[in-house]
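*Asks:* Before I ask anything, here is the structure I am working with.
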Amino acid sequence: MDAIPVILVAAGRGERAGAGLPKQYRPVCGKPLLWWTLRSLMACEGLGPIQIVINPDFADLHEEVVAEFDLPSPVSGGATRQESVLAGLEALESGNTRHVMIHDAARPFVGNDMILRLQESLGEGNAGAIPVVAMTDTVKRCDGGIIIETLDRSALARAQTPQAFRYDAILAAHRAAAGTELTDDAAVAEANGLRVAAVAGDEGNIKVTTAEDFDLAAKRLGRTETRVGTGLDVHAFAPGDHVMLCGVRIEHDATLDGDSDADVGLHVLVDAMLGAMGAGDLGVHFPVGDPAWKGRASSDLVAVACDLMRERHARLIHADITLICQKPRLARHQSAMKQRVAELLGVEPSRVNIKVTSTDGLGFTGRGEGIAGQAAVTLELPVPWV
């Protein structure tokens, strides 16, 4: 199935949570709620461009939120949610759009598994699919404070977003429903006789509305965990007049053999960073023999790993690198290597440690055939909610 565009409805003025702002712009853990929702959508597989629908009165706030994202220009919403969704749908009309997902900006916890379930359901020929959560409480129908009856909860479910539809069908349904007041896009589809499937939702996919919801979201979004990654690498000596270690040029009667500058210190550092992020290893990101990395400085590899850290909102706590060789003697270069690694990582030197050792003449390093390195990196990352 092709990548599915998303209409993200962010045109409301919801101020029930306080702070004097529409809730999508209210900060949670230092970022507006809308930012967190965009982040979770962009982490999901199979989604295309995200078309945001906004209230033009808050265009300046919107621009601040989305400045770091590559998004289409927003469209202005209407007085009701239905009008806003229709505006978003019509913004996609000029493209070759087969399917679409419609999501509320106030749901920052959408996960990849749910997206896949929706995609699979659309692939089964349904005009639409929505995530639902089963009712677990006993449900009463009341009138004027008096219980009228107890409903059969086995036939009831709570609807969530995103909701997925065949594009042409939901566009026609929204146009036909103009002027009515329906509570979600599935209701619009139902009113137009469309078959809408229900897939398993997620209790964690909450809609943030009240001050209590914001407190709960902050507890989840603000959680972090500490991870440790390790790296190990070896490079043989080759004819030359210097080696690069931890970004520092060191004169020697040989060089290290490798596709890049063969900086074993930076290689183990990057390998450990990737390990702590669960992002594979050096071979995955920098395949042996890839001409793109031939002769490149290993500092470029560190830059790639740092970019991945920023994408994952990771923070480096400490990097510990050990270099193992008989020659050259490295003790007098430790301070310069520590400073250079800290510069490449963008951290204080106190967060970097460089150790050097020999093997007392034992093994390939003791015979002067090459240099080995190992590293341990500690990162702090947000706790995933999916």
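The values are calculated or read from the model by the stated rules, or taken from the named source; none is laboratory data. Please read these numbers as outputs of a predicted model, since none were measured by experiment. Cβ placement follows ideal geometry from the backbone for every residue including glycine, while neighbour counts extend to all protein chains displayed.
*Asks:* Taking the stretch 72-113, which residues are in a helix (DSSP H, G or I), closer than 19 Å to Arg13 by Cβ and of a type in the set (A, V, I, L, M)?
*Replies:* The answer is Val85, Leu86, Ala87.
*Asks:* Take the conditions under 19 Å from Cys246 (Cα atoms), free of Cβ contacts under 8 Å to residues at least 60 places away in the same chain and surrounded by fewer than 16 Cβ atoms within 10 Å (Cβ to Cβ) and apply them to Lys294. Does it pass?
*Replies:* yes
*Asks:* Closer than 30 Å to Val270 by Cβ and small (Gly, Ala, Ser): which single residue out of Ala200, Ala236, Ala189 fits that description?
*Replies:* Going through Ala200, Ala236, Ala189 in turn, just one is closer than 30 Å to Val270 by Cβ and small (Gly, Ala, Ser): Ala236.
*Asks:* Say we look at the stretch 313-327 and pick out the residues that are crowded, with 17+ Cβ neighbours inside 10 Å and modelled with pLDDT under 95; which of these is nearest to Glu251 (Cα to Cα)?
*Replies:* By that ranking, first place goes to Gln326.
*Asks:* Arg227 fails exactly one of the following numbered conditions: (1) under 30 Å from Ala164 (Cα atoms); (2) part of a strand (DSSP E or B). What is the number of that condition?
*Replies:* Checking Arg227 against (1) under 30 Å from Ala164 (Cα atoms); (2) part of a strand (DSSP E or B), the one that fails is (1).
*Asks:* I would also like to ask the following. Run Ala106 past the list (1) at pLDDT below 95; (2) crowded, with 21+ Cβ neighbours inside 10 Å and report the number of the one that doesn't hold.
*Replies:* Here Ala106 clears every test but (1).
*Asks:* Given the conditions (1) more than 18 Å from His318 (Cα to Cα); (2) touching a Leu at 6+ places or on another chain (Cβ under 6 Å), report the number of the one that Val270 does not fulfil.
*Replies:* The failed condition is (1).
*Asks:* I'm trying to understand the selection: among the residues of the stretch 11-24, which are modelled with pLDDT of 90 or more and farther than 14 Å from Thr209 by Cβ?
*Replies:* Correct list: Ala11 only.
*Asks:* Can you tell me which residues in the stretch 87-103 are closer than 22 Å to Ala198 by Cβ and loosely packed, with under 15 Cβ neighbours inside 10 Å?
*Replies:* Residue satisfying the conditions is Arg98 alone.
*Asks:* Which condition from (1) under 27 Å from Gly201 (Cβ atoms); (2) among the hydroxyl-bearing types (Ser, Thr, Tyr); (3) surrounded by fewer than 16 Cβ atoms within 10 Å (Cβ to Cβ) is the one that Ser84 breaks?
*Replies:* Every condition holds for Ser84 apart from (3).
*Asks:* Does Val208 satisfy the condition of being over 30 Å from Arg296 (Cβ atoms), surrounded by 15 or more Cβ atoms within 10 Å (Cβ to Cβ), of a type outside the set (Asp, Glu) and touching a Ser or Thr at 6+ places or on another chain (Cβ under 6 Å)?
*Replies:* no
*Asks:* Still on this model: Restricting attention to the stretch 230-242, does a residue exist that is at pLDDT 95 or above, in the same structural domain as Arg367 (by TED's automatic domain parsing), within 15 Å of Ser299 (Cβ to Cβ) and out of contact with any Asp or Glu (no Cβ under 9 Å at 6 or more places or on another chain)?
*Replies:* Within the stretch 230-242 (the criterion being at pLDDT 95 or above, in the same structural domain as Arg367 (by TED's automatic domain parsing), within 15 Å of Ser299 (Cβ to Cβ) and out of contact with any Asp or Glu (no Cβ under 9 Å at 6 or more places or on another chain)), the answer is no, since none of the residues qualifies.
*Asks:* Moving on to the next point. How do the pairs read when you match residues in the stretch 24-40 that are on the phi > 0 side of the Ramachandran plot with residues anywhere that are of a type in the set (A, V, I, L, M, F, W, C) and assigned to a helix (DSSP H, G or I), using Cβ under 6 Å and keeping only pairs 6 or more apart or on different chains?
*Replies:* Cys29/Ala218; Cys29/Leu221
*Asks:* Identify, please: which residue in the stretch 272-297 is over 26 Å from the mean Cα position of the chain (by Cα), within 22 Å of Val341 (Cβ to Cβ) and not aromatic (Phe, Trp, Tyr) and is, among those, modelled with the highest pLDDT?
*Replies:* Among those that are over 26 Å from the mean Cα position of the chain (by Cα), within 22 Å of Val341 (Cβ to Cβ) and not aromatic (Phe, Trp, Tyr), it is Ala297.
*Asks:* Give the residue that is nearest to Trp36 (Cα to Cα), with candidates limited to residues of the stretch 99-141 that are basic (Lys, Arg) and touching a residue at least 24 places away in the same chain (Cβ under 8 Å).
*Replies:* My answer is Arg107.
*Asks:* List pairs: first residue in the stretch 347-371 and over 21 Å from Val243 (Cα atoms), second residue of a type in the set (D, E, K, R) and in a helix (DSSP H, G or I) anywhere in the structure, Cβ distance under 8 angstrom, at least six positions apart or on different chains.
*Replies:* Sorted first by the residue in the stretch 347-371, then by its partner, the pairs are Pro349/Lys338.
*Asks:* Can you tell me which residue in the stretch 336-386 is nearest to the chain's Cα centre (by Cα), limited to those that are part of a loop (DSSP other than H, G, I, E, B) and among the acidic types (Asp, Glu)?
*Replies:* Here the residue is Glu348.
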